Amino acid sequence: MKKIFCTFAFTMLLVIRTSGQVDIDIPLDVTDGSYIIHMNVGLDLTATNCIDPQLGESELPPFPPTGLFDCRFDLQPLGCGPVSTYKDYRAPGNPPAYPFTGMIQHILWWQVSSPSAPIDVTYNLPPGAFMTIVDNITGTLLNLGPFTGIGVATIPGSYTSFGTKAFLRMYYNNIGGV
C-alpha cells in the first residue's frame, strides 16, 4: 500500500510540476501608477495564436468601468474573436522549433485611470531577446526601444491621451538553442 501511495504522490507531483510550464516565459508588470497588472509573453512549442488554457492563458471579461486602469493583450486581430488575455504565448516559428530567431508581435490594449496617464512596462528579458513598443497606427507616433535585460519602458501620456493600443514586438535571436 505504501508503494502505491508513494507512486501516486510522485506522479501527481510530476503532473503538477509540468502542467502550465512555458518554454520561454517573460514577465511584464504594467501600471499607470494606480494598479499593477502582471502580464506575460513568450514562446512555447504547443502555443497557438489564441487562448491556450494548458499554458495558463485565459479569456478576460470586458474592461472595468471608466476611471480604472487595465491593460491586456488583444487577440481579435489574430482571428480569435473578441478575446483578450494577460498572457500571450506563441509558437516559435512555423513549424515550431528551437532555436528560434524572429519577431513575434503582441497587441497591448489599455484603459488608463486618468486622462493622459503614462504607462510603465517593467520587463525582465532573457538573453537573446529584446523588445520594442510602437503605435498600432503608423509605427511612427510611438517608437520606444529597443529594450534588453531588466528595466522600465514608459508609454508617455501624450500617446495614452488618444491611443488605446500599441504593438509590443518581441525579437528573438537563437533563443532556446542548446
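Read-outs: derived from the displayed coordinates by stated rules, not from any lab. These numbers were taken from a predicted model, which means no experiment stands behind them. Here the Cβ is made from the backbone with ideal geometry for all residues, glycine too, and neighbour counts use every protein chain on show.
With R₀ fixed at 22 Å, the C-beta to C-beta distance from Val152 to Ser116 puts the FRET efficiency at about 0.75.
Test of understanding: extend the Cα→C-beta vector of Asn49 to 7 Å, then name every residue of region 106-136 with backbone N under 16 Å from that spot. Residues passing the 16 Å test: 106-108. With each label modelled as a point 7 angstrom along the Cα→C-beta vector, the Asp29-Ala97 pair spans 3.9 nm. Each of the chymotrypsin sites (Phe, Trp or Tyr not before Pro) that DSSP puts in a loop and that has at most 16 other Cβ atoms within 10 Å breaks the chain; the longest unbroken stretch is 36-161.
Dividing the summed -39500 (n - 2.57) terms of all DSSP H runs of n ≥ 4 by the residue count of the chain sets its mean residue ellipticity at 222 nm at -3500 deg cm²/dmol.
Note that region 45-103 carries a Kirkwood radius of 12.8 Å, evaluated over its alpha carbons pair by pair.
For the chain, the alpha-carbon coordinates run over 66, 38, 32 Å along the three principal axes, in decreasing order. When Rg and the Kirkwood radius Rh are both evaluated on Cα atoms of region 104-158, their ratio Rg/Rh stands at 0.97.
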